[in-house]
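All remarks here apply to the structure that follows.
The values are calculated or read from the model by the stated rules, or taken from the named source; none is laboratory data. Just so it is clear, the structure is predicted and the values come from calculations on it, not from any experiment. Note that each Cβ is placed from the backbone with ideal geometry, even for glycine, and that neighbours are counted across all protein chains shown. These area figures cover heavy atoms from the full protein model, side chains too; ligands, DNA and RNA do not enter into them. Shrake-Rupley method; radii C 1.70, N 1.55, O 1.52, S 1.80 Å.
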Amino acid sequence: MHTHPPGKALMAIVLIALAAVLMVGCATTPPQPTATPQPVEPTIEPTPEVEDLWASIQQSGKMTIGTSADYPPFESYDENFRLTGFDIALMEEIGRRLGVEVEFNDFAFDGLGGAVSLGQVDAAIAAIAVTPERQQLVDFSNVYYIGEDAILVGESVDVDLLQTPEEVSNLKLGVQSGTVYEQFAEQQLVDTGIMPETNLFVYSDVDRAIRDLRAGRITAVLLDKNVADEFAAQGGLRIAGEGLTRQRLAIALPKGQDALRRVINQALTQLQNEGVVAELAERYLNVQREDVVVVPTATPEPPTPTPAPAQPTSTPQPPARCVDGAAWVADLSYDDRNMTAPPVLQPGQIFVKGWRIRNTGTCTWDSAYYLDFVRGNTPAAQMGGGPIFVRGTVPPGATYDFTVQLTAPAVPGTYQGFWQMTNDLGQRFGETVWVGIRVPAPPTPTPAPTPTPVANVTFTVNTTNIQQGQCVTFYWSVNNVQAVYFYSQGQNWQDHGVGGQGSQQECPQQTTTYYLRVVFRDGTVTTSQITINVTQVANRPNIVQFSADPPQVAAGQCLNLFWEVQNQVTNVVLRRNNNTVWDGAPVKGNWQDCPPSPGTYSYQLTATGPGGTSQAVVYVNATQPSEPTPTPVPTTEPPTPTPIPQPMIYGFSADPAQIQQGQCVTLAWTTGGGTQLTRVRKGDAVLLDNGPQNGNIQDCPSDVGTVVYTLEASGGGTSVFQEAAVNVTVPIEPQ
């Protein structure tokens, strides 16, 4: 749900003409050099009667501010789904000085200029850098923040003066998490393809980045210039470039609203003189007060001149492009009440979300316009949704109903996915809408059925229920077999061979199934599985990635480890075989290792923060380097027949395992080996015949009780089977 007030009507005849130049690009994009303007005859437009917006705000006691809440630490949503950040706090302080309530509306950044000019908002703040192009569309307040950067390198590093993003692309670049420099590196270097992602290292604090710079693990650090000067003065480092991310940030205002601009500038001056702006920069931007770049004192504004009489012009002007705008009207389904009461859906439940949106611009929407997912509080918040294109046309002022089929994530938690409109030029615009749901954790995990014992095979784990960040240990023992493989869902079993007796520690970040694949001497194969149920823990460091590439190497060859940790993190430690190789590692980075001898190598990542400790582990097999293949010796023995591969079932699940009558489950499977035919049954009824080796289908049981699904994989005259059970209960009547 969204609670957006109707926009104040403005006479925007001139503004619509000016809106040919839209606000595009990220807030951190450095101003580009502009060509020297050629003298032209001025075109004088008739000056319309402009409503005194400040008088209207005083009368209502409320000021509506547009922002784009996808740019921390300036503006974003916190863990409680509330707006926070430097710009948000600054605008609230301005509102208090002016004696009015401030109400924020979330927009696509590219559409903020249109929202201001169309009167959907009274002003906009979103780390908006002042540029000549934007000044054609909107007026700006005084600059409230100037950010300057520098690039530190070691004194012995052989690089020339770094002045462009391309010159930085080949460096291993360190940045501090949550700063504007991380945002610049992500959006302007990595996302644009200028820099490979493996060259970006994100640290929980700048001191750790400087330490690794001195140790040679990285080659450069991008940070605030004043801070860089201090580190350079300590010796061993030098500044190799600056000015990549310089920004002059100001508040965007409607054209001609001089009274509103004056009072906002007065409030800004007071806040700067009293040190409030510096205090907010320290709190939200990780910039020390003494390091904040002093904003030059604004020149007093002259009184508003009397407009000169309008003079006709004979120079025809090119037609201006229309202005795109969009406003939320209503949630048609699954109202989350501004995330105060997100509806509860079961894991894997399919639902249809709908919004009613009004065309508040001057452009007519057609089939080139669409609503699309842009971000979420987690990647899973997309919930399988894709672009929703407009059918027909939507003229200015009309509404359109958008609906999309989504699937609730399998992992318990609260999810918020944000969606925005995109026009025929590929530019996002309009108010941001969202869908919010909550997926509950099962009250008590249903114990996994005791697997049918297999002769000579033992496969156990110390516990099947853990909290996020904890680890489990698997144990196995097999006898008189040809080969054994231990692996998790999604991994290639061929890369994870193990000995006949052993144990292995695993730290799954979400509910995961593990498999033990045993190949007997007669060629038959059996696969046992154990599922570890993982309960998510709020605020604990979340290891969203920890992987090895490749997962198997020959001794002496090298592999790369990649990781990323989210939430609040105070320290990251990387270990190999329990020996620390990097204490104080970045929260996002990579490391190369070259196992010297054959064997199994374990790599552990431990992330610590205020919410606790999380661990992850990956294993890599280093094999004996291959010897040259000898020339075969002729033999009179008959050739050994090629064994026929056996069909294999690597995984079969029914999700969720408990539903109410009338709800649906998703059956998913992975088969391989010599599988030639895959069949899915419900009891004796065939749901799918001759299905793919990897796939999923949905079923909605109509009867109460336990429903048993069976997966059959057949090939070479052999069939293997695996079952999954679902408990169907009577629907709970609403109170």
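Hey, among Val411, Val433, Val390, which residue is open to solvent by less than 10 Å² (accessible area, probe 1.4 Å) and in contact (Cβ under 8 Å) with a residue 40 or more places away in the chain?
Answer to the selection: Val433.
Just give me the residues in the range 658-682 being within 24 Å of Arg517 (Cα to Cα) and assigned to a loop (DSSP other than H, G, I, E, B), in sequence order.
Across the range 658-682, the qualifying residues are Gly674, Thr675, Gln676.
Among residues belonging to the range 130-151 that are among the aliphatic types (A, V, I, L, M) and in contact with a Gly (Cβ under 9 Å, 6 or more places away or on another chain), point out the one that is farthest from Val263 (Cα to Cα).
Of everything passing the filter in the range 130-151, Ile151 is farthest from Val263 (Cα to Cα).
Would you kindly identify the strands (runs of 3 or more DSSP E) lying entirely within the range 398-486 that contain at least 1 residues that are in contact with a Gly (Cβ under 9 Å, 6 or more places away or on another chain) and modelled with pLDDT of 90 or more?
The strands (runs of 3 or more DSSP E) meeting that bar are 399-407, 413-422, 428-439, 472-478.
I'd like the full set of residues that are closer than 19 Å to Thr613 by Cα and modelled with pLDDT of 90 or more, limited to the range 526-541.
Ile532
What number of residues in the range 526-582 are outside any strand (DSSP E or B) and farther than 23 Å from Arg211 by Cα?
Matching residues across the range 526-582 total 12.
Residue by residue through the range 683-733, note down the ones that are touching a strand residue (DSSP E or B) at 6+ places or on another chain (Cβ under 6 Å), open to solvent by 40 Å² or more (accessible area, probe 1.4 Å), closer than 18 Å to Gln346 by Cα and assigned to a loop (DSSP other than H, G, I, E, B).
Val704, Pro731
Is it fair to say Asp372 is among the charged types (D, E, K, R), over 23 Å from Gln509 (Cβ atoms) and open to solvent by 60 Å² or more (accessible area, probe 1.4 Å)?
Taking the combined requirement at face value, the residue does not satisfy it.
Hey, can you tell me all the residues within the range 161-196 that are among the acidic types (Asp, Glu) and either in contact with a Ser or Thr (Cβ under 8 Å, 6 or more places away or on another chain) or free of Cβ contacts under 8 Å to residues at least 40 places away in the same chain (or both)?
Correct list: Glu166, Glu182, Glu186, Asp191.
Under 8 Å between Cβ atoms, which residue pairs at least 6 apart in sequence (or on different chains) link something in the range 495-523 that is without any contact (Cβ under 8 Å) to a residue 60 or more places away in the chain and buried (at least 20 other Cβ atoms within 10 Å of the Cβ) with a partner that is of a type outside the set (A, V, I, L, M, F, W, C) and assigned to a loop (DSSP other than H, G, I, E, B)?
That search, which allows pairs on different chains as well, returns Tyr514/Gln489.
Looking only at residues that are within 26 Å of Ser76 (Cα to Cα) and touching a helix residue (DSSP H, G or I) at 6+ places or on another chain (Cβ under 7 Å) in the range 203-216, which one is least open to solvent (accessible area, probe 1.4 Å)?
Of everything passing the filter in the range 203-216, Tyr203 is least open to solvent (accessible area, probe 1.4 Å).
Wholly within the range 54-154, which strands (runs of 3 or more DSSP E) include no fewer than the required count, namely at least 1 residues that are closer than 19 Å to Glu282 by Cβ and either among the polar types (S, T, N, Q) or more than 21 Å from the chain's Cα centre (by Cα) (or both)?
Hits in the range 54-154: 145-147, 149-154.
Based on this model, can you work out whether Gly348 counts as within 23 Å of Thr666 (Cα to Cα), surrounded by fewer than 20 Cβ atoms within 10 Å (Cβ to Cβ), at pLDDT below 90 and touching a Ser or Thr at 6+ places or on another chain (Cβ under 7 Å)?
no
When the residues of the range 327-345 are filtered to those that are over 16 Å from Val433 (Cβ atoms) and assigned to a loop (DSSP other than H, G, I, E, B), which remaining residue is least open to solvent (accessible area, probe 1.4 Å)?
By that ranking, first place goes to Leu345.
Exactly one of (1) in a strand (DSSP E or B); (2) open to solvent by 40 Å² or more (accessible area, probe 1.4 Å) is unmet by Gly174. Its number?
That leaves (2) as the condition not met.
Among the residues of the range 230-245, count how many are open to solvent by less than 60 Å² (accessible area, probe 1.4 Å) and under 30 Å from Thr131 (Cα atoms).
6
Examine the range 260-272 for a residue that is part of a helix (DSSP H, G or I), under 34 Å from the mean Cα position of the chain (by Cα) and either modelled with pLDDT under 90 or under 30 Å from Glu166 (Cα atoms) (or both), and state whether such a residue exists.
No, every residue in the range 260-272 fails to be part of a helix (DSSP H, G or I), under 34 Å from the mean Cα position of the chain (by Cα) and either modelled with pLDDT under 90 or under 30 Å from Glu166 (Cα atoms) (or both).
State all residues of the range 193-202 that are in contact with a helix residue (DSSP H, G or I) (Cβ under 9 Å, 6 or more places away or on another chain) and not β-branched (Val, Ile, Thr); if no residue qualifies, say none.
Within the range 193-202, Met195, Pro196, Glu197, Asn199, Leu200, Phe201 meet the criteria.
I'm trying to understand the selection: among the residues of the range 184-197, which are closer than 24 Å to Ile146 by Cβ and surrounded by 21 or more Cβ atoms within 10 Å (Cβ to Cβ)?
Passing the criteria: Phe184, Ala185, Leu189.
Test Gly523 against the stated conditions and say whether it is at pLDDT below 90 and either among the basic types (Lys, Arg) or closer than 22 Å to Thr600 by Cα (or both).
Judged against the criteria, Gly523 is not a match.
What residue, among those in the range 90-129 that are β-branched (Val, Ile, Thr) and closer than 20 Å to Gln272 by Cα, is surrounded by the most Cβ atoms within 10 Å (Cβ to Cβ)?
Among those that are β-branched (Val, Ile, Thr) and closer than 20 Å to Gln272 by Cα, it is Ile125.
Please go through (1) crowded, with 17+ Cβ neighbours inside 10 Å; (2) closer than 14 Å to Gly243 by Cα; (3) among the hydrophobic types (A, V, I, L, M, F, W, C) for Leu200 and return the number of the only condition it doesn't satisfy.
Leu200 satisfies every listed condition except (2).
Look at Arg248 and say whether it is open to solvent by 20 Å² or more (accessible area, probe 1.4 Å) and either under 30 Å from Asn560 (Cα atoms) or in a loop (DSSP other than H, G, I, E, B) (or both).
no
Given the structure, is Thr43 surrounded by 20 or more Cβ atoms within 10 Å (Cβ to Cβ) and either part of a loop (DSSP other than H, G, I, E, B) or modelled with pLDDT under 90 (or both)?
no
Restricting the search to the range 570-622, which residues are modelled with pLDDT under 90, within 23 Å of the chain's Cα centre (by Cα), of a type in the set (Ser, Thr, Tyr) and open to solvent by 10 Å² or more (accessible area, probe 1.4 Å)?
Selection gives Thr570, Thr608, Thr613.
Do any residues in the range 542-565 that are within 21 Å of Gly609 (Cβ to Cβ) have Cβ atoms under 6 Å from those of residues that are open to solvent by 50 Å² or more (accessible area, probe 1.4 Å) and in a loop (DSSP other than H, G, I, E, B), where the two are at least six apart or on different chains, and which pairs are they?
These pairs meet every condition: Asn542/Asn567.
Taking the range 351-369 on its own, how many of its residues are surrounded by fewer than 17 Cβ atoms within 10 Å (Cβ to Cβ) and under 21 Å from Asn105 (Cβ atoms)?
2
Just give me the residues in the range 202-228 being farther than 23 Å from Tyr284 by Cβ and not in a loop (DSSP other than H, G, I, E, B), in sequence order.
Once the filter is applied, which keeps residues that are farther than 23 Å from Tyr284 by Cβ and not in a loop (DSSP other than H, G, I, E, B), the range 202-228 yields Arg211, Asp212, Leu213, Arg214, Ala215, Ala220.
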